[in-house]
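Engineer: A single structure is presented below for examination.
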Amino acid sequence: MVNWRDLLVSPNTPILNTLEIIDRNARQIALVADESGRLLGTVTDGDIRRGLLKGKALEDPTSTIMNPFPTVASPYDSRENILALMKIKQIHQIPIVDEDGKIVQVEMLNDLLRPTKKDNWVVLMAGGLGTRLYPLTHDCPKPLLKVGNKPLLETILQSFIEQGFHKFYISVNYKAEMIQDYFGDGSQWGVTIHYLQEKESLGTAGALSLLPELPKDPFFVMNGDLLTKVNFDQLLDFHKTYQAQATMCVREYDHQIPYGVVTLEKQKLVAMEEKPTQRFFVNAGIYVLSPGALKNIPHNRYLDMPSLFEQLMKEEQQTIAFPIREYWLDIGRMADFERANMEFAEVFG
């Protein structure tokens with residue numbers, strides 16, 4: 001992953017210094033930013049060469065040759081969308097800026113096509129009973145139900161592997177031996193897998209108390225009954241950028257009220273709206289936690305993830321939300337399972 005801070009220059013930086021930064025980082029780009037980190041423009045080797053041909057001197061300020069209208073992307077853009085944008089624009093780098101125009105990352109084409117190995121842990125919660133999918137789960141734990149041509153949990157595992165993650169913990173309880181027999185130690189996929197054995201249900205946060213040691217870096221926690229195309233790299237970068245203790249992925253959910261809604265002032269009718277749609281953000285079951293968050297989890301006692309977030313918020317810890325724009329489906333009901341099988345080939349094929 002690019003350290004974008006090594007690519008920063010100010011508008012007044014001499015062109016020669018900017019050229020040295022471009023050459024030193026071998027990234028073919030420099031980012032022109034103001035003191036607050038807001039992107040003002042970009043400079044490539046081609047911009048410098050064109051400037052020199054127009055008579056610019058190497059002592060001139062970089063602002064005289066920068067591109068003031070570079071192509072940028074949002075932290076919420078999917079990996080696929082960024083790659084498509086690179087292809088359309090025929091570029092190899094795209095600055096990622098937040099809603100205030102401040103730089104949070106730089107995506108490089110080579111990095112997107114070839115994921116780097118990342119040591120952040122991934123904890124997958126696979127201990128639920130799956131009662132809403134009974135009788136399918138009578139003889140098979142929900143994470144091993146086949147969606148498309150493979151078990152649901154295998155698709156989740158491979159999504160992380162494709163983005164460079166290789167250290168996994170799987171929390172198991174119901175029919176744990178079936179999950180352990182299928183995934184083993186992870187060597188079949190070139191990764192390592194360890195298991196957190198819940199003797200009784202501990203919840204999505206309580207199971208983390210079974211981790212054998214404290215992680216050194218932020219780590220993922222994800223329910224084992226989700227299908228998604230979320231960019232885990234961007235999620236992790238988002239968590240780090242805002243120095244969060246805990247990040248919750250959220251999904252926009254629309255609910256249409258099937259009646260006309262009226263607004264009253266005492267007995268007086270003052271407004272009426274026919275079948276309005278309300279929009280909410282709902283918990284998407286994917287999280288990033290910093291190691292310090294684990295001190296709030298009692299050992300071997302039930303605690304769900306929303307309760308952990310409530311504790312952190314009461315302590316005024318930095319808890320943030322990451323909106324998911326990519327494909328996401330919670331396979332909790334039979335209708336969701338059927339939908340997942342219909343959509344799998346198109347989304348994951």
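Engineer: Restricting to region 195-235, and then to whatever is over 27 Å from F337 (Cα atoms), in contact with a strand residue (DSSP E or B) (Cβ under 6 Å, 6 or more places away or on another chain) and hydrophobic (A, V, I, L, M, F, W, C), can you tell me which residue is surrounded by the fewest Cβ atoms within 10 Å (Cβ to Cβ)?
Structural biologist: L210
Engineer: Being surrounded by 15 or more Cβ atoms within 10 Å (Cβ to Cβ) and modelled with pLDDT under 80 is the filter here; which residues of region 99-134 pass it?
Structural biologist: Result: D111, L112, P115, G130.
Engineer: For L83, are the conditions met, namely being closer than 25 Å to Y327 by Cβ, in contact (Cβ under 8 Å) with a residue 12 or more places away in the chain, hydrophobic (A, V, I, L, M, F, W, C) and out of contact with any Pro (no Cβ under 9 Å at 6 or more places or on another chain)?
Structural biologist: Considered against the rule, which asks whether it is closer than 25 Å to Y327 by Cβ, in contact (Cβ under 8 Å) with a residue 12 or more places away in the chain, hydrophobic (A, V, I, L, M, F, W, C) and out of contact with any Pro (no Cβ under 9 Å at 6 or more places or on another chain), L83 comes out as yes.
Engineer: Here's a follow-up. Here are some residues: R251, R279. Which one is touching a strand residue (DSSP E or B) at 6+ places or on another chain (Cβ under 8 Å), basic (K, R) and closer than 27 Å to K102 by Cα?
Structural biologist: R251
Engineer: For D139, work out the one condition from (1) outside any helix (DSSP H, G or I); (2) among the charged types (D, E, K, R); (3) modelled with pLDDT under 85 it doesn't fulfil.
Structural biologist: Looking at each condition in turn, D139 falls short on (3).
Engineer: Ok, one more. Do you know which residues across region 177-194 are assigned to a helix (DSSP H, G or I) and either surrounded by fewer than 19 Cβ atoms within 10 Å (Cβ to Cβ) or at positive phi (or both)?
Structural biologist: E177, M178, Q180, D181, Y182, S187, Q188, W189
Engineer: Kindly establish whether E59 is in contact with a helix residue (DSSP H, G or I) (Cβ under 8 Å, 6 or more places away or on another chain), outside the structural domain of A321 (by TED's automatic domain parsing) and within 16 Å of R325 (Cβ to Cβ).
Structural biologist: no
Engineer: Take the residues in region 199-254 that are of a type in the set (D, E) and closer than 15 Å to A321 by Cα, then tell me which one is farthest from the chain's Cα centre (by Cα).
Structural biologist: E252
Engineer: Only residues in region 166-190 that are in contact (Cβ under 8 Å) with a residue 24 or more places away in the chain and within 11 Å of P143 (Cβ to Cβ) count as the first member; pair them with residues that are of a type in the set (A, V, I, L, M, F, W, C) and exposed (fewer than 15 other Cβ atoms within 10 Å of the Cβ), Cβ under 7 angstrom, at least 6 apart or cross-chain, and list the lot.
Structural biologist: Here the result reads Y174/L129, each pair linking region 166-190 to a residue that is of a type in the set (A, V, I, L, M, F, W, C) and exposed (fewer than 15 other Cβ atoms within 10 Å of the Cβ).
The values are calculated or read from the model by the stated rules, or taken from the named source; none is laboratory data. Every value quoted in this text rests on a predicted model; they were computed, and no experiment measured them. We place every Cβ from the backbone using ideal geometry, glycine too, and count neighbours over all the protein chains shown.
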